[in-house]
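The values are calculated or read from the model by the stated rules, or taken from the named source; none is laboratory data. As the structure is a prediction and not an experimental result, all values here were calculated from the model. Cβ sites come from the backbone with ideal geometry, for glycine too, and all protein chains shown count toward neighbours.
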Amino acid sequence: MPERDTVVWNALICGYSRNGYESDAWKLFIVMLQQGFSPSATTLVNLLPFCGQCGFVSQGRSVHGIAAKSGLEMDSQVKNALISFYSKCAELDSAEVLFREMKDKSTVSWNTMIGAYSQSGLMEEAITVFKNMFEKSVEISPVTIINLLSAHVSHEPLHCLVVKSGMVNDISVVTSLVCAYSRCGYLDSAERLYASANQDSIVGLTSIVSSYAEKGDMDIAVVYFSKMRQLCMKIDAVALVGILHGCKNSSHIDIGMSLHGYAIKSGLCRKTLVVNGLITMYSKFDDVETVLFLFQQLQETPLISWNSVISGCVQSGRASTAFEVFHQMKLSGGLLPDAITIASLLAGCSQLCCLNLGKELHGYTLRNNFENENFVCTALIDMYAKCGNEVQAESVFKSIKAPCTATWNSMISGYSLSGLQNRALSCYLEMREKGLKPDKITFLGVLSACTHGGFVDEGKIYFRAMIKEFGISPCLQHYALMVGLLGRACLFTEALYLIWKMDIKPDSAVWGALLSACIIHRELEVGEYIAKKMFMLDYKNGGLYVLMSNLYATEAMWDDVVRVRKMMKDNGYDGYLGVSQI
């Protein structure tokens, strides 16, 4: 190249930075300065975006210094790029100072500041800037709306503004609105808005698919996912992971396997994000072998992948395997456990009742300041409670400044597990006095305390409040606890009536809870009725045979005991399996 000027340097720097060669772009900039060329505003504007995205904080500050010395800091484009850079580096104070210094703020300037607050999750601040922008009659652009929606600002007034300002045909705005409606659970509105758009959008459909999957409506999620394929859209890792997250139990195995097959055919299985999604899915299916196989296929194993495997093993009841994986992670070198790793390992300690190891993890938590994370403290409380050390569980709980609902839930369940049912119920009442709203998990702890404490009247009151006062639909575990409570109180007719009026099909845990109560009270007639019902509904498991055998044994009906045990062996059970006797 015979002659070089600033324009040529800018073209090279821009080309490298936009194609993912950020380090090379920076080296070119250094060479440019060494050869005596002065950067222009365009040079700096091309450099600052990747400084923010790639964490080149010191380089970005150097660019700011060069801009200040050369007088380019006053250029509005440079100043906007600097505001964006500082916001991406979580240095909002610097971004705010630059914004306030700007005399002639353009729409881009206002949008950049709104975007800065949006990226940091500061909704109120984003709204304040927008109001000032509106009051100064600055033109609102599609980017303004998109930035506000990404800050989770209420979508309905923004939708009205979109209609009034004539942006209803802008696909990026419509897509952002679709995502906002989907995120808030207004899927009917999201679908109508998407259908009204002039063109299809992979982002909009991904949002709808992910929301339906999150709700558990996998049939509808699959329909929309199939639509993506029919429209020949290029399905990316985000879209695939969005639907994978909906595969939450064994009833979704076929769907999950099909999605795994699609990931292999499309080549998406090479993406770490997708592999992590598949690991999470197979963990929910309790298929630890496939989880480990997928993990071994990864060429790179970032911490998030190790965490997915460790968490998956614990969720599948394989805590020992989780600790083996953790040991491999330590041997691999270069990676240190984070708060998520520790929380998963603490759950593993709870499974294994390994108090000493739990204490070691507690020490690591304190040394690394993880005790400020509510979910870590919740895991600590759960671990100490399940290991029988409720005093230490209380100590951790009292150290938390503002316990969240999940933390209160752990304390309630902990007291219940330790046989301190009155304390569990007192803890619930204290939680309510603090103004926190209970969830499904809260009532599992409360009803468990009532069941094991024999608090029938209180149990009925809490069960009714859960449904009528808090609008929580009981799940099978809630019903199993209530049936167990009524059965233990010898209220068999009431327990059966509750089962008959259930909105969902009772499972073996619900029937098993009542059958266990029949053994306690030697209620043979009801017990035989339940057993026949379970056989008719194909709930044939080893635990059912054991319970029936025990029921006949309480009445010294040894011929029936022999008959049931023979049936158990004929059906391939060894006599060591059981069901939960809640």
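Please determine, by comparing only the residues of the range 408-427 that are buried (at least 18 other Cβ atoms within 10 Å of the Cβ) and free of Cβ contacts under 8 Å to residues at least 24 places away in the same chain, which one is farthest from the chain's Cα centre (by Cα).
ARG423
Anything in the range 148-158 that is buried (at least 16 other Cβ atoms within 10 Å of the Cβ) and either under 13 Å from ALA126 (Cα atoms) or touching a residue at least 24 places away in the same chain (Cβ under 8 Å) (or both)? List them, or say none.
Those that are buried (at least 16 other Cβ atoms within 10 Å of the Cβ) and either under 13 Å from ALA126 (Cα atoms) or touching a residue at least 24 places away in the same chain (Cβ under 8 Å) (or both): LEU148, LEU149, SER150, ALA151, VAL153, HIS155.
Wholly within the range 10-77, which helices (runs of 4 or more DSSP H) include no fewer than the required count, namely at least 2 residues that are of a type in the set (Phe, Trp, Tyr) and buried (at least 19 other Cβ atoms within 10 Å of the Cβ)?
Output list reads 22-34.
Can you pull out every residue in the range 358-386 that is under 27 Å from LEU298 (Cβ atoms) and in a helix (DSSP H, G or I)?
LEU361, TYR364, PHE370, PHE375, VAL376, ALA379
Looking at (1) closer than 18 Å to CYS247 by Cβ; (2) among the small types (Gly, Ala, Ser); (3) modelled with pLDDT under 90, which is the only condition SER196 fails?
Here SER196 clears every test but (1).
Based on what the data block shows, is ALA95 touching a residue at least 24 places away in the same chain (Cβ under 8 Å) and either assigned to a helix (DSSP H, G or I) or not basic (Lys, Arg) (or both)? Explain how you work it out, then say what you get.
Values: touching a residue at least 24 places away in the same chain (Cβ under 8 Å): no; either assigned to a helix (DSSP H, G or I) or not basic (Lys, Arg) (or both): yes.
No; evaluated as a whole, the condition is false for this residue.
Criterion first (farther than 16 Å from LEU259 by Cβ, assigned to a loop (DSSP other than H, G, I, E, B) and acidic (Asp, Glu)) does ASP200 satisfy it? Spell out the reasoning first.
On the way: farther than 16 Å from LEU259 by Cβ: yes; assigned to a loop (DSSP other than H, G, I, E, B): yes; acidic (Asp, Glu): yes.
Against the criterion (farther than 16 Å from LEU259 by Cβ, assigned to a loop (DSSP other than H, G, I, E, B) and acidic (Asp, Glu)), ASP200 qualifies.
Just to be sure, is ILE208 buried (at least 17 other Cβ atoms within 10 Å of the Cβ), in contact with a Phe, Trp or Tyr (Cβ under 8 Å, 6 or more places away or on another chain), part of a helix (DSSP H, G or I) and at pLDDT 90 or above?
yes
For the range 77-103, how many residues are over 18 Å from SER58 (Cβ atoms), out of contact with any helix residue (DSSP H, G or I) (no Cβ under 7 Å at 6 or more places or on another chain) and charged (D, E, K, R)?
The total comes to 4.
One line per residue, one yes/no per condition, for (1) surrounded by fewer than 16 Cβ atoms within 10 Å (Cβ to Cβ); (2) at pLDDT 80 or above:
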| site | (1), (2) |
| --- | --- |
| HIS478 | no, yes |
| LYS505 | yes, yes |
| TYR529 | no, no |
| ASP538 | yes, no |
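Which one is farthest from PHE56 (Cα to Cα), of the residues in the range 15-34 that are hydrophobic (A, V, I, L, M, F, W, C) and in contact with a Leu (Cβ under 9 Å, 6 or more places away or on another chain)?
The qualifying residue farthest from PHE56 (Cα to Cα) is MET32.
Restricting attention to the range 272-309, and to residues there that are closer than 20 Å to PHE326 by Cβ and of a type in the set (Gly, Ala, Ser), which single residue is surrounded by the fewest Cβ atoms within 10 Å (Cβ to Cβ)?
Once the filter is applied, the top-ranked residue is SER305.
For the range 131-163, which positions are closer than 22 Å to CYS89 by Cα and part of a helix (DSSP H, G or I)?
Taking the range 131-163 and keeping what is closer than 22 Å to CYS89 by Cα, we get 143-144, 146-152.
Result: VAL143, THR144, ILE146, ASN147, LEU148, LEU149, SER150.
Just one of (1) β-branched (Val, Ile, Thr); (2) at pLDDT 80 or above; (3) surrounded by fewer than 17 Cβ atoms within 10 Å (Cβ to Cβ) trips up VAL510, so point out which.
Going through the list (1) β-branched (Val, Ile, Thr); (2) at pLDDT 80 or above; (3) surrounded by fewer than 17 Cβ atoms within 10 Å (Cβ to Cβ), VAL510 breaks only (3).
Being assigned to a helix (DSSP H, G or I), surrounded by 20 or more Cβ atoms within 10 Å (Cβ to Cβ) and among the β-branched types (Val, Ile, Thr) is the filter here; which residues of the range 215-271 pass it?
Hits for the range 215-271 are VAL241, ILE243, ILE255.
Contact list please: Cβ distance under 9 Å, first residue in the range 15-26 and touching a residue at least 24 places away in the same chain (Cβ under 8 Å), second residue in a helix (DSSP H, G or I) and of a type in the set (Val, Ile, Thr), pairs at least six apart or on different chains.
That search, which allows pairs on different chains as well, returns ALA25/ILE13; TRP26/ILE13.
Just to be sure, is PHE134 buried (at least 16 other Cβ atoms within 10 Å of the Cβ), out of contact with any strand residue (DSSP E or B) (no Cβ under 9 Å at 6 or more places or on another chain) and closer than 20 Å to THR112 by Cα?
No: the conditions fail for PHE134.
Determine which single condition MET167 fails, assuming it passes every other condition in (1) touching a helix residue (DSSP H, G or I) at 6+ places or on another chain (Cβ under 7 Å); (2) assigned to a helix (DSSP H, G or I).
So the condition that MET167 fails would be (2).
Considering only the range 17-41, state which residues are within 24 Å of SER70 (Cα to Cα) and not hydrophobic (A, V, I, L, M, F, W, C).
SER17, GLU22, SER23, ASP24, LYS27, GLN34, GLN35, GLY36, SER38, PRO39, SER40, listed by residue number.
For the range 124-136, indicate whether the set of residues that are over 28 Å from LEU205 (Cβ atoms), of a type in the set (S, T, N, Q) and within 32 Å of the chain's Cα centre (by Cα) is non-empty.
yes
If HIS327 satisfies every condition in (1) touching a Gly at 6+ places or on another chain (Cβ under 8 Å); (2) without any contact (Cβ under 8 Å) to a residue 24 or more places away in the chain but one, which is the exception?
For HIS327, the failing item is (1).
When residues of the range 246-283 are filtered for being of a type in the set (Lys, Arg), closer than 17 Å to SER305 by Cβ and touching a helix residue (DSSP H, G or I) at 6+ places or on another chain (Cβ under 8 Å), how many remain? Even if it seems obvious, please write down each step before you answer.
Kept after step one, since they are of a type in the set (Lys, Arg), are these residues of the range 246-283: 248, 265, 270-271.
The next check asks that each one be closer than 17 Å to SER305 by Cβ; those that pass are 270-271.
Right, trim to touching a helix residue (DSSP H, G or I) at 6+ places or on another chain (Cβ under 8 Å) and you get 271.
Matching residues across the range 246-283 total 1.
Looking at (1) closer than 27 Å to SER395 by Cα; (2) of a type in the set (A, V, I, L, M); (3) part of a loop (DSSP other than H, G, I, E, B), find the lone condition where LEU335 falls short.
For LEU335, the exception is condition (1).
So which of THR405, THR378 is surrounded by fewer than 21 Cβ atoms within 10 Å (Cβ to Cβ), hydroxyl-bearing (Ser, Thr, Tyr) and under 17 Å from ALA424 (Cα atoms)? Let's see the steps before the verdict.
Values: THR378 fails: surrounded by fewer than 21 Cβ atoms within 10 Å (Cβ to Cβ).
Selected residue: THR405, the only one of THR405, THR378 that is surrounded by fewer than 21 Cβ atoms within 10 Å (Cβ to Cβ), hydroxyl-bearing (Ser, Thr, Tyr) and under 17 Å from ALA424 (Cα atoms).
Among the numbered criteria (1) touching a helix residue (DSSP H, G or I) at 6+ places or on another chain (Cβ under 7 Å); (2) assigned to a helix (DSSP H, G or I), which single criterion is violated by GLU300?
Result: GLU300 passes all but (2).
Does any residue in the range 302-314 that is under 9 Å from THR341 (Cβ atoms) come within less than 6 Å, Cβ to Cβ, of a residue that is of a type in the set (Val, Ile, Thr) six or more places away or on a different chain, and which pairs are these?
ASN307/ILE340; ASN307/THR341; ILE310/VAL325
Tell me whether the range 435-450 contains one or more residues that are under 27 Å from the mean Cα position of the chain (by Cα), at pLDDT below 95, surrounded by fewer than 21 Cβ atoms within 10 Å (Cβ to Cβ) and small (Gly, Ala, Ser).
There is at least one residue in the range 435-450 that is under 27 Å from the mean Cα position of the chain (by Cα), at pLDDT below 95, surrounded by fewer than 21 Cβ atoms within 10 Å (Cβ to Cβ) and small (Gly, Ala, Ser).
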